[in-house]
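Worksheet: one structure, shown below.
Any read-out appearing in this document is the output of simple, stated calculations on the displayed coordinates, not a laboratory observation. Treat the numbers as computed from the prediction; the structure is a model and nothing was measured.
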Amino acid sequence: MDILVFDTADEVAAAVAGRIVDAVAARPDVVLGLPTGRTPIATYRALRRLHHAGHVNFARVTTFNLDEFAGITPGHPGSFRTFMDRHLFSEVNLAPGRIHFLDGAAPDLDAECVRYETAVDAAGGIGLQLLGIGSNGHIGFNEPGTELVTRTHRVHLAASTRRDNAALFGGDIANVPAEALSMGMGTILGAGTIVLIATGERKAQCVGSAVQGPLTTQLPASFLQLHRHVELYLDRPAASRL
């Protein structure tokens, strides 16, 4: 793993945005894997600024988002699709046909997972996968458990994950769907390069365990140790257990 530590979360965001700009410059048709959550918001804000300044052209880029809540439509205010439209898609020149998203309102969710996995394969896999890390060490919506599912799948969300996402649903955990759809760990680990962002002291313990601890399904992020090219972008509080 390559570990880069910055003084502030804003410096992390600027560095990650620059990394993505470089990836697009090197390969204009790169396939990006994108996360949601609080952590990447600053990175998406930096990417918008860079795009508006003419430093990056997304016209040939393809994107696949990691996950989506089950049982809600793409236009639902709490959906991750709405989140991405707000924070990135509406302000950069990604071609609509190159934006790929899981449909949490699909009539057959298992078939939807197969469709998505097939689409990732047809695109040649993920070139650069951007990740956050959950407070319980989850990656995407791959939650801690006795086993990890390899490919895109349905998942029952942990209570801590639902609490972390309550802000998208009026602050009420009862409104957060109990299930989601997520890329599997095998799909994620198939990416050419993985860039993980973590900021804040709250993420320090799981970052330290993911990097230095044993491989365990109880900490899905620990499986990043198996990947040939992982880059960690951390602020000093998040890196404090390393």
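Counting alpha carbon pairs within less than 8 Å and at least 6 residues apart, what relative contact order, in whole percent, applies to segment 2-235?
Relative contact order, segment 2-235: 25 percent.
Sort all Cα-Cα distances of segment 58-104 into consecutive 10 angstrom bins from zero, then give the percent of pairs in each bin up to the one containing the longest distance.
Bin by bin from 0 Å, the calculated values are 28, 55, 16, 0.
Each residue of segment 221-233 in turn: what ³J(HN,Hα) in whole Hz from Karplus with 6.51, -1.76, 1.60 and θ = phi - 60°, glycine and Pro shown as x?
Using θ = phi - 60°, the values come out as 4, 5, 6, 5, 4, 7, 7, 6, 8, 10, 10, 9, 10 Hz.
Report, in whole Å, the centroid distance computed from the Cα atoms of segment 120-153 and segment 170-185.
15 Å
How large is ³J(HN,Hα) for each residue in segment 69-83, as worked out from phi by the Karplus curve 6.51 cos²θ - 1.76 cosθ + 1.60 (θ = phi - 60°), to whole Hz, x for Gly and Pro?
Taking θ as phi minus 60°, the curve returns 6, 8, x, 10, 7, x, x, 4, x, x, 6, 5, 5, 4, 4 Hz for segment 69-83.
Read phi for every residue in segment 151-166 and hand back ³J(HN,Hα) as whole Hz from Karplus 6.51 cos²θ - 1.76 cosθ + 1.60, θ = phi - 60°, with x for Gly and Pro.
For segment 151-166, the Karplus-derived couplings read 10, 3, 7, 7, 9, 8, 7, 5, 4, 5, 5, 5, 4, 5, 9, 4 Hz, x marking Gly and Pro.
List the residues whose amide H sits under 5 Å from the amide H of Asn142, counting only those 5 or more places along or on another chain, with H placed 1.01 Å from N in the peptide plane.
For Asn142, no residues qualify.
With the contact rule set at Cα under 8 Å and sequence spacing of 6 or more, what percent relative contact order holds for segment 83-220?
31 percent
Amide H of Thr216 versus every other amide H placed in the peptide plane: which residues, excluding those fewer than 5 positions away on the same chain, fall under 5 Å?
Those qualifying (amide H under 5 Å, at least 5 residues apart or on another chain) are Ser222, Phe223.
Binning at 10 Å from 0, report for segment 1-126 what percent of all alpha-carbon pair distances ends up in each bin.
12, 41, 34, 12, 1
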